[in-house]
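Colleague: Handing you a structure now.
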Amino acid sequence: MLTKSDLSQIQKIVNTESKKVITQELKPIKEDITHIRKDTKIIVNYFNREYLQLRKRVERLENHLHLSPLS
């Protein structure tokens with residue numbers, strides 16, 4: 001028959017081992033998330049830059065043709 005102290009020791013061992021397994025399994029997921037964040041940041045910066053360039057071109061055309069900007 002198991003005593004309370006035996007059960008407590010088993011619980012501690014299970015907890016530590018489960019934490020090890022969880023951290024090992026989560027490591028590649030965390031790396032993927034950081035990679036996705038970097039990619040997303042690059043994409044947003046690219047499209048932001050393209051939008052700003054396009055906006056400048058449109059404003060220049062509007063000024064040249066004496067058109068009022070659309071709201």
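Colleague: May I ask you to say which residue of Gln24, Gln9 is more than 23 Å from the chain's Cα centre (by Cα) and either among the hydrophobic types (A, V, I, L, M, F, W, C) or open to solvent by 100 Å² or more (accessible area, probe 1.4 Å) (or both)?
Modeller: Gln9
Colleague: Show the residue pairs that are 6+ apart or on different chains and have beta-carbon atoms under 7 Å apart, the first residue being within the stretch 17-30 and on the phi > 0 side of the Ramachandran plot, the second being charged (D, E, K, R) and surrounded by 10 or more Cβ atoms within 10 Å (Cβ to Cβ).
Modeller: none
Colleague: Can you say whether Glu31 is among the acidic types (Asp, Glu) and open to solvent by 100 Å² or more (accessible area, probe 1.4 Å), as far as the supplied structure shows?
Modeller: Working: among the acidic types (Asp, Glu): yes; open to solvent by 100 Å² or more (accessible area, probe 1.4 Å): yes.
Judged against the criteria, Glu31 is a match.
Colleague: Moving on to the next point. Among the residues of the stretch 61-68, are any surrounded by 10 or more Cβ atoms within 10 Å (Cβ to Cβ), part of a helix (DSSP H, G or I) and under 34 Å from the mean Cα position of the chain (by Cα)?
Modeller: Within the stretch 61-68, not a single residue is surrounded by 10 or more Cβ atoms within 10 Å (Cβ to Cβ), part of a helix (DSSP H, G or I) and under 34 Å from the mean Cα position of the chain (by Cα).
The values are calculated or read from the model by the stated rules, or taken from the named source; none is laboratory data. Since the structure is predicted, the reported quantities are computational estimates derived from the model, not experimental observations. Ideal geometry is used to build each Cβ from the backbone, glycine not excepted, and the neighbour counts take in all protein chains shown. The area values use the complete protein model at the heavy-atom level, side chains included, leaving out ligands, DNA and RNA. Shrake-Rupley method; radii C 1.70, N 1.55, O 1.52, S 1.80 Å.
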